[in-house]
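Read through the structure below, which is laid out as structure tokens, and then see the notes.
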Amino acid sequence: MRRKLTWLVLACAAILIVAIHQEENVLATPANGFKATTIATGTFSEFDVFNQSSKDSLPAGFPGDVWLSLQKTMGPSDLYVQSNTWPGVNPLTGVVASTGWHTHPGHSLIIVTSGTLTEYMADCIPHVYTFVPGQPAPTLVDPGHGHVHIIRNEGPVMASSIAVQLVPYDPAKGNRRIDAPAPETCSNIQ
């Protein structure tokens, strides 16, 4: 009897381990057609930078009386400058290029440099950013750390962006992007 119980416990443990492993593999949403190229990377030690400009030193037309910028880190940080591209929708298959659902351990400042990109977050509302030559480039801020999102090119032409990302230092340089499952509310957006 004891031997049968031991085998039963071992079999259940094996099934549980396989189920957990399979669940992790199924939940991640990989990138599709999206290509990220690192242009530059550097490591910074801790820093604390504060800048302020008041009305008398701001350019004419500035919308307000003061400009502030604050950036503080504790511990070393890696800074990445990324060039990102998404091909247009495949006219034969209708497949849309996307980053896949993901987050970052730090924030990103993103400038759209061509085409149209659509970002979705857990609320499934499309946020559309279209580059128009001669106009200021559209920008978005990804706050990182738990902000799960996907960026897609839902248009017919290639789209591109430049992203600057500040993340915790990683000697292996492998922590810039963290794949994530699609939110339950947006499971149809890949």
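Residue check: is residue 42 farther than 19 Å from residue 141 by Cα, in contact (Cβ under 8 Å) with a residue 24 or more places away in the chain and in contact with a Leu (Cβ under 6 Å, 6 or more places away or on another chain)?
Answer is yes for this residue.
May I ask you to list the residues in region 163-190 that are open to solvent by 50 Å² or more (accessible area, probe 1.4 Å), within 12 Å of the chain's Cα centre (by Cα) and closer than 29 Å to residue 48 by Cβ?
Passing the criteria: 164, 177, 178.
Out of all the residues in region 146-177, which are modelled with pLDDT of 95 or more and acidic (Asp, Glu)?
154
If we keep just the residues of region 124-134 that are farther than 14 Å from residue 86 by Cβ and part of a loop (DSSP other than H, G, I, E, B), which is least open to solvent (accessible area, probe 1.4 Å)?
Of everything passing the filter in region 124-134, 124 is least open to solvent (accessible area, probe 1.4 Å).
Of all residues in region 143-162, which are open to solvent by 30 Å² or more (accessible area, probe 1.4 Å) and not hydrophobic (A, V, I, L, M, F, W, C)?
143, 145, 146, 147, 152, 154, 156
I'd like to check which strands (runs of 3 or more DSSP E) are fully inside region 31-123 and have at least 1 residues that are under 17 Å from residue 174 (Cα atoms) and open to solvent by 30 Å² or more (accessible area, probe 1.4 Å).
Once the strands (runs of 3 or more DSSP E) in region 31-123 are filtered for at least 1 residues that are under 17 Å from residue 174 (Cα atoms) and open to solvent by 30 Å² or more (accessible area, probe 1.4 Å), what remains is 35-44, 77-86.
When you go through (1) open to solvent by 60 Å² or more (accessible area, probe 1.4 Å); (2) in a strand (DSSP E or B) one by one for residue 140, which number turns out not to apply?
Of (1) open to solvent by 60 Å² or more (accessible area, probe 1.4 Å); (2) in a strand (DSSP E or B), only one is false for residue 140: (1).
Pairs needed: first member in region 115-144, on the phi > 0 side of the Ramachandran plot; second member anywhere, open to solvent by 40 Å² or more (accessible area, probe 1.4 Å) and part of a loop (DSSP other than H, G, I, E, B); C-beta distance under 7 Å; at least 6 residues apart or different chains.
Cβ pairs passing all conditions: 115/131; 115/157; 115/158; 144/107.
Just checking, does region 67-89 include any residue being of a type outside the set (A, V, I, L, M, F, W, C) and free of Cβ contacts under 8 Å to residues at least 24 places away in the same chain?
Scanning region 67-89, I find at least one residue that is of a type outside the set (A, V, I, L, M, F, W, C) and free of Cβ contacts under 8 Å to residues at least 24 places away in the same chain, so the answer is yes.
The values are calculated or read from the model by the stated rules, or taken from the named source; none is laboratory data. Predicted model only: the values in this text are computed from it and were never measured. Every residue, glycine among them, receives a Cβ derived from its backbone with ideal geometry; neighbour counts consider all protein chains shown. Ligands, DNA and RNA are excluded from the accessible area calculation, which covers all protein heavy atoms including side chains. Shrake-Rupley method; radii C 1.70, N 1.55, O 1.52, S 1.80 Å.
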